[in-house]
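Taken together, the values in this text are just the output of simple stated rules run on the coordinates, not laboratory data. Keep in mind that this is a model prediction, so the values were computed, not measured. Here the Cβ is made from the backbone with ideal geometry for all residues, glycine too, and neighbour counts use every protein chain on show.
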Amino acid sequence: MKNANPLEIELKLALPKACLDRVERHPMLTEGAEALTLANTYFDTPDGALSRAGIALRLRRQGNHTLQTVKTKGQGGGGLSARQEWEWPVDGTLDLDALAALPPFESALDETLGRLAPVLATDFVRRRWLVEHQGSTIELVLDQGEIRAGEARATIQELELELKAGDAASL
């Protein structure tokens, strides 16, 4: 089942390696972090139709579970974004029927579904904390891993703060 409120509000920041220890020692992160190993595959058409439309489509594997996620471009700046997001469990492959029913694919984009192919992969370890701050619940994650596109490789090291409940100003 797709999430009922498809609005995601998050702050995402690249994190220099020298700052990792400081973040992990922050007094708000008193409890041990949950550690997850995530493998993601992002999809688009050969001509980049989803990218041009500001849409990200991925399959995220964690152990034996796979989630399909669609995110729109949204609004924001300076690392803060608010965008639509739909996410639901799948059997390990793209659920094209469910995609076709989503608002981003109800227009001309629906013809692109048959041409989707993997374009990018990310594998990383995510350390996750839930933080209560200014009456809001915020998910804080540290991601460390790698992005792969063809022969190209890049390191992932980022801090993400996602509003789970409360006021976006608390981010």
Which one is right for this structure if Rg/Rh (Cα atoms, Kirkwood Rh) is calculated from it: (i) 0.97; (ii) 0.94; (iii) 1.10?
-> (i)
Among beta bridges that DSSP assigns inside the chain, antiparallel share in %, nearest 5 = 100
By average Cβ neighbour count within 10 Å, what is the ranking of 64-75, 14-25 from highest down?
-> 64-75, 14-25
Cα centroid of segment 125-171 to Cα centroid of segment 3-68, whole Å = 6
So what J values fall out for segment 154-164 if you push phi through Karplus, 6.51 cos²θ - 1.76 cosθ + 1.60 with θ = phi - 60°, rounded to Hz, Gly and Pro as x?
-> 8, 7, 9, 8, 9, 10, 10, 10, 10, 6, 9
From DSSP H assignment alone, runs of 4+ in the chain each adding -39500 (n - 2.57), the sum over residues rounded to the nearest 500 puts [θ] at 222 nm at -1500 deg cm²/dmol
